[in-house]
Amino acid sequence: MSRDIALWGALPIYFISAWAVISLLVDAFSKNSRVSFHFAWIGLLLTAIAAVGSFPYEGAAFSGMIATGHYAAFFDVLFAIGGLLTVLAAHPYLERLQFELDEFYSLTLFAIAGMMLIAHANNLLVLFIGIEVMSISFYILAGYFRNKTLSVEAGIKYFLLGAFMSGFLMYGIALVYGATASLHYGAILHATTTGSLSFPTLLIIGATFLVIALSFKAALFPFHFWAPDVYQGAPTVVTGLMSTAGKAAAFAAFLPLAFVFLPQLQIKLQLLLAIIAALSMLYGNIVAITQQNIKRMLAYSSIAHAGYILIGIVAASPDGFAAVTFYATVYLFMQLGAFVLASVLEQQYGRHLEIQDYKGLYQRHPLLAGLMAVFMFSLTGVPPLAGFFGKYYLFVAAIESGFVWLAILGVVASVISAYFYLGLVVAMFFHTAPESSESSVPAGTAGITLAISTLMTFLFGFFPSLLLHVAQQLF
Amino acid sequence: MAALILTLFLPLLGAGTILFMNKTQQKGIQYTALGFALATFVASLFLLFGFDPANADFQYYIHTTWIASLDVGFRIGIDGMSLLLVLLTTFITPITILSSFQAIKDRDKLYYMMLLLLEFGMIGVFVALDTILFYVFWEIILIPMYFIIGIWGGPRRIYAAIKFFLYTFIGSLLMLVAIIWIGIWGGGDAGFTANYLTLREIAPTIPLAIQQWLFLAFALSFAIKVPLFPFHTWLPDAHVEAPTPGSVILAGILLKLGTYGLIRYNLELFPQASIFFAPLLSTLAVIGIIYGALVALVQSDVKKLVAYSSVSHLGFIVLGIFSMTTEGLQGAVIQMINHGLSTGMLFLCVGILYERRHTRELAEYGGIVTVMPKFAVLLGFAVFASAGLPGLNGFVGEFLTMLGAYQSPILGTWTYVAFAALGVILAAAYLLRMYNGVIFGPNLNPKNHALPDLTKLELWQLVPVTVFLVWIGIYPSTFLQLSETNMRLVSSKIEAAHQQMSQEHRVSSTSQPLLSPTSLSFLLPQEIKNMHKQQQRELPANGNGAAQQQMSDEEWMQE
């Protein structure tokens, strides 16, 4: 069985890593970026299939460094699908912007590999490696348009702050090691619950540092400062991936750590996390109101969504963790859908991204406007779309654990968010289009991404128990 | 069974059908929408045949699991009150579609989809017997109404649409928190339940201090929808900006969702808290009656006048509900139907005038009777029904609500009725002023000299409504008997709770608990389930509940 686990349970990780490395070789030998594109989406599709197959193989491999099965497999599927949807959307986008380089696809593969390693981590060092692999790929992807100032600025900004936060992460890991004499999740949990800590204060400081570093990756208030600029400058499809799968990866790291640290540090950490969640929800949504650029608006609102997701961790119950998984999944589809839609309308780098450019979109492209409205309503949390059930489960978990005030704040934040999400709907449907606007938009393979995102937004809205049932098995 | 399923889903099917139609086939889309709306009406009539008014249970009950782990189900069923409101919905919708033939001139496809989706949501709210399902339908309504106001509305439509959405949304989300709270409470060991029938048994055992907060969360949501003074400010904007059919639906049906919710959720789930808050809500209702009437009195815009008259009329319904007597509740239910018919018809009439003259200023009209005699007669019916003239429907509802409020042991004073009666007089004043100004007097304005009288299409909209105005006015029992058993049950439950509370009041000689800051402690981490279990322990099997309940409540507060 242990061989099976090492072989089949960790297969998605082997596969995506090997595929990413081979992809670099393909780039080197093939001059045609179309080949890289096909190579990438096939790899991601196979990874997703392998990850589904690895679901039953729950256990630990490589001397317990890597966890496999259920939890890891679930997030593997999520990340692989997120990558797949991004790559499909990226091909027509980059072609249109005449900047399709082979490396884009390899880097995306590496980013996905890093995320999957995060989900598999059973040891703080593996977690660190996973986060670094993901982050470094993202630094480069954010600055991908190397001849555009905004994009380069995004890359550098993200890199400098990210490197700094890696220091926090490493320091936190070192302190936890100092307190518990182990990097292994199980051993840390054992040390904290049996109380055999040499320096309990170190544990608190270390855990707080880890929270800070992960909050940065998830763009939670007050560690969000990089997000709006980076999200705006980065290629729109990359922003989509960063703000959905990237965020989900941060929470995939959060969840096992919550298991490890919450038994010992419950009161202190829970309150800290609750405050971060509350401030993120309110700050993100309030500031998003004033944004004129759709990417910045979605960036600020993504801070708020990270806050919602954090509610589930604050609840610190199986229901709460399942709610986190549920929300991270549905959020991936609706937010990625919105970004991809923005990328379809972005004819040149940075053009047509203002909210006023969406005026009268309904008259020009009724289908695109309709889909965008679906994503906006889902992000607002209007039933029967998936976003509503995501929030609903989070609020249920919060109230079950007694955090009624957090649920009420979440509700207030949702109302605030309705204002700007609806603002986009107002622009698309209630205003008439200015004269000089193009009529045809070739969506290409991005159409597949949009179709899948929309389908999932409806599917998990009408039949939320499909996803919830799986999510509840993980904890 | 099949009748209820058909009634609920035919509008959705209609919206789906229109989605796949070509948008250039304007006529085809219009008649498809009308066909589905009429089919829904026919299906809902079948509900009437299989319905037993003497049975207090929910009938046509259907239950399918939806989210098993949280005990959320697709549970639908109707009692007398829901039946009446479903019939109102299915009756008004085809009429609004007829009026849309004239009022809506562009983007028909999206419009008729939205209208049918709206009907689906409204019927859903009236038949849902599951709190989460109810909430889903409640929110579904927002989207089509938002689009109808925002796309086909008047000059300030965007402002009105956003205001409508945000007002309703904030209320409903607080209600969601309360729904989750009682769901966890009612779920006991199972964790959660959204089953309304279970909750109706369990929720009244929640300690009063917490019941009060839950009551407020629900009541806020419904009060915004009703709208109760001072949450009414979205209504005039929405009404004035909405296209005629939108206003008809809004006044005719949408506002009833709030009053329906007040009975179905606030009264039935939180009887003690309802008794506690009855004076407050009745006061707001009476303020609404007088305030709405006074503002209506000075309007120069006919549509605004009718909109404010809604605020006033809905006050009667809320007063009837919080009298919590059988008469008052019955009056509230019949008044919901009445208001839907007569105010809906008033909006239709305003729309008919607007189509001809493109103005709603009262001063622009006068002496219309000389050119539009049929219109004058039918508008007269709507005006007199709305003013509560005996022999037409408005009288029955207003009389019953005021009778209920007068007799009510819970309100315990005739003051409310005295002020409400003032509202009746004012209603006659502003409605007659409007009628007089439009219909009578010399026809001086040259633009009004050649107005055509009602077309066949318009007669088809107004005559069916008029039939019911007269029917309810002359023989209201046809309708009253449908909901009587249910309302009697509600009022008897309230009465029992009231007696227990007053007994307990004498025994313990402590005053009724106020909304105290300590009761806010339920916002802090607490084991709800432990509280619940403790509650179950404290309550003896044979009941004499309130005294015990009060004790456990205090114990809980001390913890």
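The values are calculated or read from the model by the stated rules, or taken from the named source; none is laboratory data. Worth saying up front: this structure is predicted, and the values here are computed from it rather than measured. Virtual Cβ from ideal backbone geometry, glycine too; neighbours counted across all protein chains shown. Just the protein is used for accessible areas: all its heavy atoms, side chains included, with ligands, DNA and RNA removed. Shrake-Rupley method; radii C 1.70, N 1.55, O 1.52, S 1.80 Å.
Structural remarks
- For chain B, projected area of the alpha-carbon convex hull averaged over all directions, nm²: 24.8 nm²
- Region B:81-130 and region A:337-365 have Cα centres separated by 33 Å.
- Part-to-part distance (alpha-carbon centres) for region B:15-74 and region A:269-284, which is given in Å: 43 Å
- When the helices of chain B are scored as -39500 (n - 2.57) per DSSP H run of n ≥ 4 and the total is divided over every residue, the value at 222 nm lands at -24000 deg cm²/dmol.
- Its Cα centre serving as origin, the protein assembly as shown has a Cβ charge dipole (Lys and Arg +1, Asp and Glu -1) of approximately 1740 debye.
- For chain B: relative contact order, % (alpha-carbon pairs under 8 angstrom, 6 or more apart): 15 percent
- Longest site-free stretch - chain A; sites: trypsin sites (Lys or Arg not before Pro), DSSP loop, at most 12 other Cβ within 10 Å: A:147-350
- Loss of accessible area when B meets A, both sides summed, Å² nearest 100, probe 1.4 Å: 3600 Å²
- Pairs with C-alpha atoms separated by more than 28 Å, drawn from the list B:LYS23/B:LYS374; B:LYS303/B:LYS374; B:LYS225/B:LYS456; A:LYS31/A:LYS157; B:LYS105/B:LYS303, are B:LYS23/B:LYS374; B:LYS225/B:LYS456; A:LYS31/A:LYS157.
- Per-residue extension of 0.36 nm, minus the Cα-Cα distance of A:SER317 and A:GLN347, leaves a gain of 6.2 nm for this segment.
- Computed FRET value (nearest 0.05) for B:PHE20 with B:TYR354, which takes r as the C-beta separation and R₀ as 51 Å: 0.95
- Amide H within-cut-off set for A:ALA60, under 5 Å, with H built and near neighbours excluded: A:THR68
- Here's the picture: charge each Lys and Arg Cβ at +1 and each Asp and Glu Cβ at -1 in region A:2-473, and of A:GLY53, A:TYR362, A:HIS120 the one pushed furthest to the positive end of that dipole is A:TYR362.
- Sequence-ordered 3J(HN,Hα) estimates for region B:386-393 from the Karplus curve with 6.51, -1.76 and 1.60 and θ = phi - 60° stand at 5, 7, x, 6, x, x, 10, 5 Hz, glycine and proline given as x.
- Delta accessible area of at least 30 Å² on complex formation, residues of region B:172-203, 1.4 Å probe, chain isolated as reference: B:LEU173, B:LEU174, B:LEU176, B:VAL177, B:ILE180, B:ILE184
- Equivalent-ellipsoid semi-axes of region B:324-493, from the Cα gyration tensor, Å, largest first: 36, 18, 10
- Surface accessible to a 1.4 Å probe, B:GLU355 within the full protein complex, Å²: 50 Å²
- Of the accessible area of the protein assembly as shown, computed with a 1.4 Å probe over protein heavy atoms only, carbon and sulfur atoms account for 68 percent.
- All-pairs alpha carbon distance profile, region B:267-338, 5 Å steps from 0, percent: 4, 19, 21, 21, 16, 10, 6, 3, 1
- Accessible area in square angstrom per residue, the protein assembly as shown, 1.4 angstrom probe: 33 Å²
- Taking amide H as placed 1.01 Å from N in the peptide plane, the amide H of B:GLN59 sits under 5 Å from that of B:ILE78, B:ASP79, each at least 5 places away or on another chain.
- Residues whose placed amide H lies under 5 Å from that of A:VAL382, excluding near-sequence neighbours: A:PHE388
- Annotation: average projected area of the protein assembly as shown is 42.2 square nanometres, based on the convex hull of Cα atoms across all directions.
- With q set to 0.09 Å⁻¹, the log10 of I(q)/I(0) for chain A, from the Debye formula over equal scatterers at the Cα positions, is -0.54.
- With contacts taken as Cα pairs under 8 Å at a separation of at least 6 residues, region A:2-473 carries a relative contact order of 14 percent.
- Listed values for region A:341-347 are Karplus-derived 3J(HN,Hα) couplings in whole Hz (6.51 cos²θ - 1.76 cosθ + 1.60, θ = phi - 60°), namely 4, 4, 5, 5, 7, 7, 6, and x replaces Gly and Pro.
- Projecting the Cα positions of B:THR343, B:PHE137, A:MET428 onto the charge dipole of the protein assembly as shown (unit charges on Cβ atoms of Lys, Arg, Asp and Glu, taken about the Cα centre) puts A:MET428 furthest along the positive direction.
- Alpha-carbon centroid distance for the pair region B:172-195 / region A:162-222, whole angstrom: 36 Å
- At 1.567 mPa s and 4 °C, Stokes D of region A:309-439 from Kirkwood alpha-carbon radius, µm² per second: 82 µm²/s
- 3J(HN,Hα) along region B:467-473, derived from phi through the Karplus expression 6.51 cos²θ - 1.76 cosθ + 1.60 where θ = phi - 60°, amounts to 3, 6, 4, 6, 4, 5, x Hz, with x in place of Gly and Pro.
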